[in-house]
Amino acid sequence: MNEHRYRWRNRELRKHVAIIDGTVAPTLLLKNITYLNVFLKQWVRANIWIYQDRIVYVGDKLPNNTSGTEIVNYEGRYAVSGYIEPHVHPFQLYNPHQLAKYAAYSGTTTLINDNLMWLFLLEEKKAFSIIDDFMLSPVSVYWWSRFDSQSSLQVEEEELFTNEKVMKWLEHPAVVQGGELTAWPQVLSDDDRILYWMQETKQLRKPVEGHLPGASEHTLVKMKLLGVDADHESITGKEVLERLKLGYQVGLRYSSIRPDLPDLLKEIKELGIDYYDSFTMTTDGATPSFYEKGIMNQCIEIAIQQGVPVIDAYLMASYNAARHLGMQERIGSIAPGRVAHINILESKENPNPISVLAKGKWMKKDGERTESMPPIHWGKYGIERLNLDWELQEDDMQFSLPIGMEMVSDVIMKPFAVSIDATVNEIHNKFDEAFLMLIDRQGAWRVNTIIKGFTNSLGAIVSSYSNTGDIVFIGKNKQDIAIAFERMKEIGGGIVLVHNGEVKFELPLTLAGIMYDGSLDQLIIEEKKLKDLLKKYGYPYNDPVYHLLFLSSMHLPYIRITPKGIMDVKKKEVLFPAIMR
């Protein structure tokens, strides 16, 4: 099936009907299973007939023709639709292919992915070609279309986000929503270009995902009037209630940076909310180790523990998202005509599946993983090892700005007046300041300042993983910074830690310097090592990978280091411009 066209071909449909008539046999029969019927909100005993990637029958009857059919008796077992993660950032060190594969093992068989990194890495034809390749996967991989870069680029935003390019993405059948809208203040002000794309998204009958942290009722109403359908930024039960009252689809977040779900559900219950049809759940692009126990299965488990009715907990991770995206005839339920995404459970209250079907293929069977994912040939699209042809010069490490960036959390930074001597080769460990530099991936420009609160001792960390794909340098020792940069180049991109002239850690990110070309299981191990080491060297928070990513993100307060220079987020002003090298 080519899911882009949202249909099976006529000859396939005729074959599906022939199975009901008994002239063709199903490929798989699940007998005597109790499944969740999302339309009745009841558990129902049935036999499920599957032909390749489609459910063709759910009911009491057995097929007349079972020639070549795989038959599994699931007496005493339960079936629910494969889980849907509706808000995925699939480039958080991992790559979208390995994430999809890993997700399926714990029952998440549909991912709705951010397209931002494709906009930075690939020209349009290659980007659309690679998302076509993803559609060949047993896991359903869809995308959302950005309207803005969430940073401040050397290239003007209008060049990266042309009307022609944005419309081609929005019209692509694998793109199922617009957003997330991090540039909502500009839209509220006067950005009619983005507002036009929002309206075109609605015209295509695709929802617009907001990004409205801390928004007042006044702002929420205005954004609803301008076309935003959903938001996942609530951090209190009161904020959830405000969005519900205004008709938003509300995503409840459980991520490495904001693991709010347990508290949100508790507060929702205290507020008397007992209607869950307008809720989805999301892990919002968590960093790898957060996924050690799975993805949406974790959210369902938490929901059940917090007293959400079991059936509603499953719907929040499946049918609710499908309905919101207008895809309920494809995914999100076990019924005739739906894609055969099915999780087999030992009990209703345990969302961790013992077996997983994705498009009718076993991703996991009786607790054992299978290898059902076709590879992605990254080199075909020019996604290869990072090859930097420029050197770090002594003149690059000039840190004379009077204003630095002080960490308030993993993702929030505020300006501070630099008082230390930044002309030295090494900042003393009695200070928690360190050198901070962002250099263009092509070596054309640099931005230098001081960061406070990242480390009290680390010689250097250099990373090709960042929001814009440019190179991040942080450290107390300029010589260690130079060593880390050279080693990062040698391994083809990645994250390198150096202390006292010795490489302490390296994580190769050989897919464009952004993504790990290996299993998520191994990446989880490596990211844990990175976090432990950084904490040893004084990193005070919980998610340093997100810190590296968000250094340039202009949707977070209060000050950022961007390709244009050091910027005031609220005023959108360049405080100190980038320097050409």
Tell me the per residue accessible area of the stretch 196-291 using a 1.4 Å probe; a whole number in Å² is fine. 40 Å²
Under 17 Å between alpha carbons, and skipping anything fewer than 8 positions from residue 364 in its own chain: which aspartates and glutamates qualify? 53, 70, 292, 346, 521
The stretch 46-95: chymotrypsin sites (Phe, Trp or Tyr not before Pro) falling in loop per DSSP and having at most 10 other Cβ within 10 Å: none
Size of the chain along its principal axes in angstrom, Cα-based, largest extent first? 82, 50, 45
Along its three principal axes, how long is the stretch 147-187 when you only count alpha carbons? Whole Å, largest extent first please. 30, 20, 14
Largest-first ordering by accessible area, 1.4 Å probe, given options 487, 205: 205, 487
Within the set of other residues whose C-beta is less than 11 Å from the C-beta of residue 151, count the net charge using Lys and Arg as +1 and Asp and Glu as -1. -1
Pairs from 101/126; 536/570; 125/222; 245/266; 478/535; 222/564 whose Cα-Cα separation, in the structure shown, is over 25 Å: 536/570; 125/222; 222/564
Cα-only Rg/Rh for the stretch 268-331 with Kirkwood Rh rounds to 1.00
Unit charges on C-beta of K, R, D, E only; dipole of the chain, Debye: 1700 debye
Surface per residue (accessible, 1.4 Å probe) for the stretch 506-581, Å²: 40 Å²
Calculate, in nm to one decimal, what residue 171 and residue 532 gain on full extension: separation in residues at 0.36 nm each, minus their alpha carbon distance. 125.6 nm
Expressed in nanometres to one decimal, the distance between label points 7 Å along Cα→Cβ at residue 391 and residue 347 is 6.6 nm
What aspartates and glutamates does residue 380 reach when the alpha-carbon gap must be under 20 Å and sequence neighbours fewer than 8 apart in one chain are set aside? 123, 124, 132, 133, 517
What distance in nm separates the two pseudo spin-label positions at residue 71 and residue 414, each 7 Å out from Cα along the beta-carbon direction? 7.0 nm
For the stretch 281-291, just list the computed ³J(HN,Hα) in residue order, Karplus coefficients 6.51, -1.76 and 1.60, θ = phi - 60°, integers in Hz, with x standing in for Gly and Pro. 10, 8, 9, 6, x, 5, 6, x, 5, 5, 9
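The values are calculated or read from the model by the stated rules, or taken from the named source; none is laboratory data. Quick caveat, the model's predicted, so the values are computed rather than measured. Reconstructed Cβ throughout: ideal geometry from the backbone, glycine too, with neighbour counts over all protein chains shown. With ligands, DNA and RNA removed, areas are computed over all heavy atoms of the protein, side chains included. Shrake-Rupley method; radii C 1.70, N 1.55, O 1.52, S 1.80 Å.
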